[in-house]
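In what follows, a structure is listed as structure tokens, so that the remarks can point back to it.
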């Protein structure tokens with residue numbers, strides 16, 4: 001019996017000593033990042049559980065809490081990146097209501113036109129209009145360049161984040177291999193800690209899940225189902241960044257036309273997968289960067305391009321609207337398209353026999369080949385696009401529109417009308433669609449020097465520096481709209497001769513306020529249609545407002561977007577903190593808890609030592625008999 005007591009007490013001492021070692025390790029690593037609290041399992045041995053043995057060293061871990069932590073880490077990285085950039089984007093427009101903000105500069109320009117309309121003879125008033133117009137063009141251009149700078153910075157950040165994510169994948173695969181070969185339990189636990197930390201670090205860049213394998217390794221897959229790590233093999237992530245981006249730098253899944261970088265995963269077998277084209281990344285900082293670069297910031301650029309285009313064309317275009325013929329012809333509309341230029345879209349609204357209303361957008365071009373025009377390029381993304389070739393003659397325009405509309409319509413010249421007067425007619429009784437309306441915004445001017453035609457419109461804002469060219473919305477050689485915010489400038493012909501702001505023709509009196517009044521009304525009162533792609537008023541339908549109102553809506557939209565992103569990030573930060581606290585409550589080291597364990601273990605160690613001493617004393621007594 002004494003021998004059993006000695007063996008049992010000795011085993012107890014060893015087990016207690018091992019447990020004290022685990023507690024001391026926990027206390028020593030209380031501040032170590034990624035360290036998981038260690039536990040020691042003991043098992044009973046011998047007949048009747050007469051002894052105890054040291055089992056395995058484990059890690060205090062809750063798998064569900066760890067999965068939640070990684071999901072919230074991805075979400076927090078996503079919302080944090082969005083909030084940071086959207087805040088910077090909002091700051092580009094200035095503080096609403098201040099003189100240097102976009103709305104303030106727009107209002108200053110409008111007020112200068114109003115002042116000129118009150119006193120057209122005032123040279124200082126004319127000079128002020130030019131100054132305020134230049135300030136407005138410069139402000140739009142500066143903001144637009146800031147948008148592209150943010151895109152370029154995001155492109156660079158995507159490259160850095162991709163490299164870090166790839167390094168994490170390689171680290172996880174390496175740790176998998178080391179874990180399968182580890183024989184020491186303490187070393188294995190340390191490797192598992194390192195791997196968990198690497199997986200959590202990876203989750204900040206992309207949304208991932210892990211699958212535990214029987215050999216102790218883990219497989220890492222995206223939530224979309226793509227495998228990134230399988231035991232000791234990992235995919236390599238690469239990013240072919242483009243450096244400085246411009247307004248026409250877009251993402252496509254065609255490498256030949258793609259103007260920005262993409263994230264490519266090269267599998268251990270050599271296959272290459274475009275993770276952006278396959279939409280494999282849905283959260284984390286990489287997903288945020290992709291959304292910012294390819295959606296949010298391009299939309300901000302489009303808003304500024306639309307504003308610049310509206311500003312230019314509101315002062316240089318006349319509104320052409322179809323009206324019923326005065327001779328009583330039914331089912332027809334007359335419209336004056338004289339001076340129609342490349343890019344001056346003609347919208348034909350019809351209703352078919354089933355009662356469905358739709359728009360046909362006829363887009364003039366003069367280039368040798370028909371331009372490629374996407375629905376996002378026009379105001380109404382639901383409309384049918386029909387390019388028409390301009391030949392410079394009335395007959396050519398009439399025939400081009402007739403060909404575009406087809407046999408269901410009849411296009412003729414208006415009786416006794418001037419150049420460009422057309423009549424479009426349909427006969428619903430024969431099955432043709434009902435003609436509901438025809439409209440166009442026609443650039444009234446022939447060139448940037450056209451100020452004396454007698455019309456109130458002027459080319460105040462042009463495309464390019466100095467004299468530049470007329471902005472008409474042309475698609476010849478590419479979309480003139482794209483990047484126009486960076487190129488808009490005040491016509492040098494107005495800068496050098498401010499009288500052009502007033503004189504409609506050589507016979508115009510210096511006191512004639514017709515042109516200044518028209519310009520003010522065109523800017524602040526007349527409604528224009530802005531593309532649905534701008535996102536103002538929704539992305540499903542165009543937005544109609546004055547140019548001044550559209551500028552205000554842009555500022556409102558960006559401010560609301562930044563506030564929404566910040567609120568979302570704050571909520572996600574709370575969710576992340578909660579997940580971290582939940583994991584820490586299980587896996588973290590508590591000094592108080594460990595010290596309490598240490599006291600218990602010291603007591604147990606002393607008790608085992610006393611049992612061992614008593615057993616030895618009994619044995620010595622027996623041996624002396």
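Assorted remarks:
- Averaging the sequence gap over all C-alpha pairs within less than 8 Å and six or more residues apart, then dividing by the number of residues, gives the chain a relative contact order of 20 percent.
- Degrees between helix 394-405 axis and first principal axis of the chain (Cα, 0 to 90, nearest 10): 40 degrees
- Its DSSP H runs of at least 4 residues, each contributing -39,500 (n - 2.57), put the calculated 222 nm mean residue ellipticity of the chain at -16000 deg cm²/dmol, to the nearest 500.
- The share of C-alpha pairs in region 210-352 whose separation exceeds 26 Å stands at 55 percent.
- Taking one quarter of the surface of the C-alpha convex hull of region 172-235 gives a mean projected area of 3.9 nm².
- Cα pair distances in region 295-411, grouped into 5 Å bins until the bin that holds the longest one, percent each: 2, 9, 16, 21, 21, 15, 8, 5, 1, 0, 0
- Cα-based helix-to-principal-axis angle, 185-203 vs the chain, degrees rounded to 10: 10 degrees
- The Cα center of region 59-100 and the Cα center of region 371-419 differ in position by 48 Å.
- Label-reachable residues, region 207-227, where backbone N falls under 12 Å from a point 7 Å from residue 187's Cα toward its Cβ: none
- Angle in degrees between helix 514-524 and the longest Cα principal axis of the chain, rounded to the nearest 10: 20 degrees
- Taking the DSSP bridge list for the chain and keeping only pairs wholly inside it, about 90 percent are antiparallel.
- Residues of region 394-422 falling in the label zone of residue 352, defined by backbone nitrogen less than 14 Å from a point 7 Å along Cα to beta-carbon, are 408.
- D (Stokes-Einstein, µm²/s), Kirkwood Cα radius, the chain, 1.567 mPa s at 4 °C: 43 µm²/s
- Per residue, the convex hull spanned by the Cα atoms of region 491-625 measures out at 230 cubic angstrom.
- The share of Cα pairs per 10 Å bin across region 358-411, counted from zero up to the longest distance, runs 24, 50, 25, 0 percent.
- 5 Å-binned pair-distance histogram of region 151-294 (Cα, whole percent): 2, 10, 19, 22, 17, 12, 8, 5, 3, 2, 1, 0
Since every read-out is calculated from the coordinates, none of them should be taken as a lab result. No experiment lies behind these values; they were computed from the predicted model shown. Here the Cβ is made from the backbone with ideal geometry for all residues, glycine too, and neighbour counts use every protein chain on show.
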